[in-house]
Every structure is written in C-alpha cells, then in structure tokens.
Amino acid sequence: MAKGKAKTVYEYDDDHYLIEFRDDITAFDSVKHDIVGGKGYYNCQISAKLFEILEENGIKTHFVKLLEPNKMLVKKVEIIPLEVIVRNIATGSIVRNYPFKEGMVFERPIVMLDYKDDAYHDPLMNDDMILAMGLVNEEELKQIKEIALKVNDVLKGYFESIGILLPDFKIEIGKDKEGNLLVADEISPDSCRLWDAKTKKSLDKDNYRFDKGDVLAGYKEVYRRMFG
Ligand code: CDP
C-alpha cells in the first residue's frame, strides 16, 4: 500500500494495482491540505473517462476499469519521476518564473519536464540533466515528448467540444514489465487547468490553491459537461 497526497495505491495482483481516489486536496507541496467531500469520486470518474478517450485515440494508458465509484484497476507500471507538463496558454508557474504574459496563447504547445520531488520543489529539468540522472534513455525521452503532445491534441480537442479550454496539464508516464510507456497516474481537475471557454473562469484546483471559488462546484461542472 502506498498513500500519496490524494490517492492510495493498493497491490491487487501480480500485474495490477487498485487506485483509490480520496477526498484529500493539497497544494503548495502540502502546505495547504483539506478534505473536500465527493472530490475523490469526481476525480476518479473524470480520470477514467479521459483515459478511455486517450485509448480510443490510440494512446496507451494504465487504465483497465473502474471497480468502485472512486477506485480504478490499473496495470502495474513503474512511474518515471517526471512531471510531464504541456502548456497551451500561459498561466501559473510559467508566468511567475519566465517572461510570459498571463493568457498568452502558444501556437506551438510547450512541453516541460519537472523532476518529481517535493524536497526540491519539482525543479524543471533539461534533457541533459534527465539523461545524466539516468531517469530514461534518449529514445524514451523522445517518446515521452511525443506522447505528451498527442495527449494534448486529444484532450484539448475533447475539452473544446464541451466548452472548456485546456491551458495546461500534467501527466505521469509509467513503464510496464515489457518496457512500454503508458500514461499513468490521473488526469483530472487536480492535474489540469480547465477554464470555461466563455467566462475563462477556473473549473480546476486553482479555485483551491488561490481561494478563487468553490473548488467542488468546478469539478462537478466538468463532470456534468463530460457525462451530460
Ligand atoms: O500550479 P503551479 O502554478 O505551481 O504549477 P504549473 O507549473 O503552472 O502547473 C502546470 C500544470 O501542471 C497545472 O495544470 C497543474 O495543475 C499541473 N501540476 C500538477 O498536476 N502537479 C504538480 N505537482 C505541478 C503541476
């Protein structure tokens, strides 16, 4: 059993884990932590459907099936400790740390790979650093970037079809026994920025991070548009 910040991963059998989506919500390396009743359910359902959409579009993921409303069965993978971030619109850390203006639309999406380690505050890595640390080899690094851009194309198009903009998101990639790279972890309003296309209001975790609004209401709205 491995308890993360918002999910618990249980051993299921030799080839599978069971992931429980909890109601915990955290931000700023867990400096902020609360319980939002129902959040685990919404994130699990939203993630499951987004994984299915990726699979339908030929992208391999760890998702197998939902076992309970807030628990999913996934293929066992070893997570590569990189936060694979894709950006379509400038917001968040890229505006704080680099000379990009809030709201700038990137014609070419930007892929950023952060080292997943709260002790270092998830620092941005360059290719040479990633290879020097032996996190992946050159071929895998190339594949990770290709997967990131493909996931972006699919998710951006899907969200646009339900009136939602996708300024940026984070995915994690895992490696299975055979060495295949699969999209793993979760894809939810915890890990994506999702803005209402008309009002540009956040429907994601930014409502919690910056006390901008009702975080659960945003997640419910994403769910409503996805499931009708
Ligand atoms: O959230 P913050 O502004 O600190 O980070 P960011 O680099 O602007 O985040 C880019 C995207 O990755 C956002 O959609 C975040 O929700 C997501 N992210 C995440 O899910 N987990 C992290 N540890 C960091 C970013």
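The values are calculated or read from the model by the stated rules, or taken from the named source; none is laboratory data. Please read all numbers here as calculations on a predicted model, not as lab measurements. Note: ideal-geometry Cβ built from the backbone for every residue, glycine included; neighbour counts use all protein chains shown. Remember, those area values only see protein heavy atoms, side chains included, never the ligands or the DNA or RNA. Shrake-Rupley method; radii C 1.70, N 1.55, O 1.52, S 1.80 Å.
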Residue hits (the range 1-43; assigned to a strand (DSSP E or B), under 15 Å from Tyr208 (Cα atoms) and either within 15 Å of the ligand (Cβ to nearest atom) or not charged (D, E, K, R) (or both)) are Asp24, Ile25, Thr26, Ala27, Lys32, His33, Ile35
| query | Can you find even one residue in the range 164-186 that is without any contact (Cβ under 8 Å) to a residue 12 or more places away in the chain and within 17 Å of Ile79 (Cα to Cα)? | reply | yes
Note on the range 71-90: residues in contact with a Phe, Trp or Tyr (Cβ under 7 Å, 6 or more places away or on another chain), open to solvent by less than 40 Å² (accessible area, probe 1.4 Å) and assigned to a loop (DSSP other than H, G, I, E, B) are Ala90
Reported set for the range 55-70 where residues are touching a Cys at 6+ places or on another chain (Cβ under 9 Å) and either among the aliphatic types (A, V, I, L, M) or surrounded by 17 or more Cβ atoms within 10 Å (Cβ to Cβ) (or both) is Leu66, Asn70
Scanning the range 187-201 for residues that are surrounded by fewer than 24 Cβ atoms within 10 Å (Cβ to Cβ) and within 12 Å of the ligand (Cβ to nearest atom) gives Ser191, Arg193, Trp195
Quick count over the range 163-209, residues being out of contact with any Ser or Thr (no Cβ under 8 Å at 6 or more places or on another chain), under 25 Å from Lys142 (Cα atoms) and not acidic (Asp, Glu), is 10
Of Arg209, Arg193, the only residue that is over 21 Å from Lys65 (Cβ atoms), modelled with pLDDT of 95 or more and within 11 Å of the chain's Cα centre (by Cα) is Arg193
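Before we move on, is Leu66 more than 10 Å from the ligand (Cβ to nearest atom), closer than 28 Å to Gly179 by Cα, in contact with a Pro (Cβ under 9 Å, 6 or more places away or on another chain) and of a type outside the set (Lys, Arg)?
no
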Screening Asp204, Asp211 for residues that are open to solvent by 10 Å² or more (accessible area, probe 1.4 Å), without any contact (Cβ under 8 Å) to a residue 40 or more places away in the chain and within 16 Å of the ligand (Cβ to nearest atom) leaves only Asp211
